[in-house]
Protein chains: 2
Amino acid sequence: MGRVVVEVMPKPEILDPQGKAVVGALPRLGFTQFTSVRQGKRFELEVEGDVTPEVLAAAREAGEKVLSNPVIEDVVLVAELTAELGGESA
Amino acid sequence: MGRVVVEVMPKPEILDPQGKAVVGALPRLGFTQFTSVRQGKRFELEVEGDVTPEVLAAAREAGEKVLSNPVIEDVVLVAELTAELGGESA
């Protein structure tokens, strides 16, 4: 069983109200280091076999066609899920 | 200027209706490889200086206290944003 991580972020020029709300709240909670916050989505897709190049290509296509809105979002990462990428070290 | 990526996923035992909706739609759109999908959040936090260990610790704390709901979510990744993690290769 393999897992692929697909990550989507708003395009840089797109207004990000969620990110604005978070960066506004952080100083009130004692976090003064951060000058901006952008919020996107992280998907973990499971496949039965190994994560082959074909699986990665299908995950990228799913990312572009189903998991994101290409008008306002970019797919910024498609990779096999490893411990470095936040996979449980199972 | 440095950037930190903080990523949050639903705890494994938590029902993920968004993920269920996506995995239901994928086969209809020709993507039959994926047996499950889980959806979480990706944040990019900007800091003025470099990403120091203190900045990473503050980002993790912000992740746990502000960017996620610890009852139903886990912070699965806190790292300096690099091209490998989907940072624009600026």
- Going through segment B:60-78 one residue at a time, which ones are more than 13 Å from A:ARG42 (Cα to Cα) and at the interface with chain A (Cβ under 8 Å from one of its Cβ atoms)? B:GLU61, B:ALA62, B:LYS65, B:VAL66, B:LEU67
- Query: Could you say which residue among A:VAL8, A:VAL55, A:VAL37 is part of a helix (DSSP H, G or I), β-branched (Val, Ile, Thr) and within 8 Å of chain B (Cβ to nearest Cβ)?
  - Reply: A:VAL55
- Task: Give the residues of segment A:1-23 that are closer than 18 Å to B:VAL37 by Cβ and open to solvent by 20 Å² or more (accessible area, probe 1.4 Å), sorted by residue number.
- Result: A:MET1, A:ARG3
- Message: Cβ contacts < 6 Å: first residue closer than 22 Å to B:PRO12 by Cα and among the acidic types (Asp, Glu), restricted to segment A:27-47; second residue part of a strand (DSSP E or B) and open to solvent by 10 Å² or more (accessible area, probe 1.4 Å), any location; separation 6+ or different chain. Result?
- Response: A:GLU44/A:ARG3; A:GLU44/B:ARG38; A:GLU46/A:ARG3; A:GLU46/B:THR35; A:GLU46/B:SER36
- Item | Odd one out for A:PHE31, checked against (1) aromatic (Phe, Trp, Tyr); (2) touching a strand residue (DSSP E or B) at 6+ places or on another chain (Cβ under 8 Å); (3) under 23 Å from B:VAL47 (Cβ atoms) | (2)
- Message: List the residue pairs whose Cβ atoms are under 7 Å apart, where the first residue sits in segment B:56-74 and is open to solvent by less than 40 Å² (accessible area, probe 1.4 Å), the second is in a helix (DSSP H, G or I), and the two are 6 or more positions apart or on different chains.
- Response: B:LEU67/A:VAL22
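The values are calculated or read from the model by the stated rules, or taken from the named source; none is laboratory data. This one's a predicted model, so the numbers in the text were calculated from it and none came from an experiment. FYI the Cβ positions are ideal-geometry reconstructions off the backbone, even for glycines, and counts take in every protein chain you see. Keep in mind that these areas ignore ligands, DNA and RNA; they rest on the heavy atoms of the full protein, side chains included. Shrake-Rupley method; radii C 1.70, N 1.55, O 1.52, S 1.80 Å.
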